[in-house]
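Take a look at the structure set out below.
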Amino acid sequence: MQDDTLTGTLSSVDVATKENLENLVKVGEELLKKPVSRVNLATGVFEPINKMTNEEALRKLAKLLSREKHLREAKSAVGNQSYC
């Protein structure tokens, strides 16, 4: 996710004031509500790719990664059993 519309202190990584950080949190919360999008390479414009929001997509990715981790741990546990 990215927001190329940030201006002023919001776009600076050097401004760590409480006010700026609170404003960045608000920007992030709004970004989560926006639809998942990608850049159209022909136009350079962000275009929605489906009806899923960024928040929904991140939750879906987190679940996928969690399942993958559990599968790897289960495979690792089976492979590490010692036989008598």
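The values are calculated or read from the model by the stated rules, or taken from the named source; none is laboratory data. Please read all numbers here as calculations on a predicted model, not as lab measurements. Using ideal geometry, Cβ is built from the backbone for each residue, glycine included, and neighbour counts are taken over all protein chains shown.
Return the pairs, sorted by first residue and then second, in which the second residue is assigned to a helix (DSSP H, G or I) and of a type in the set (Ser, Thr, Tyr), the first residue lies in the stretch 8-37 and is within 27 Å of PRO48 (Cα to Cα), the beta carbons are less than 8 Å apart, and the residues are 6+ apart or on different chains.
ASN23/THR9
Quickly run through the stretch 3-20 and pick out the residues that are in a helix (DSSP H, G or I) and either loosely packed, with under 11 Cβ neighbours inside 10 Å or modelled with pLDDT of 95 or more (or both).
GLY8, LYS18, GLU19
Please determine whether any residue of the stretch 57-75 is touching a residue at least 12 places away in the same chain (Cβ under 8 Å) and on the phi < 0 side of the Ramachandran plot.
Among the residues of the stretch 57-75, at least one is touching a residue at least 12 places away in the same chain (Cβ under 8 Å) and on the phi < 0 side of the Ramachandran plot, which makes the answer yes.
Give the stretch 39-64 a look and list any residue that's modelled with pLDDT under 95 and either within 15 Å of THR5 (Cα to Cα) or assigned to a helix (DSSP H, G or I) (or both), or say none.
VAL39, GLY44, VAL45, PHE46, GLU47
Go through (1) surrounded by 12 or more Cβ atoms within 10 Å (Cβ to Cβ); (2) at pLDDT 95 or above; (3) in a helix (DSSP H, G or I) and name the single condition ARG67 misses.
(1)
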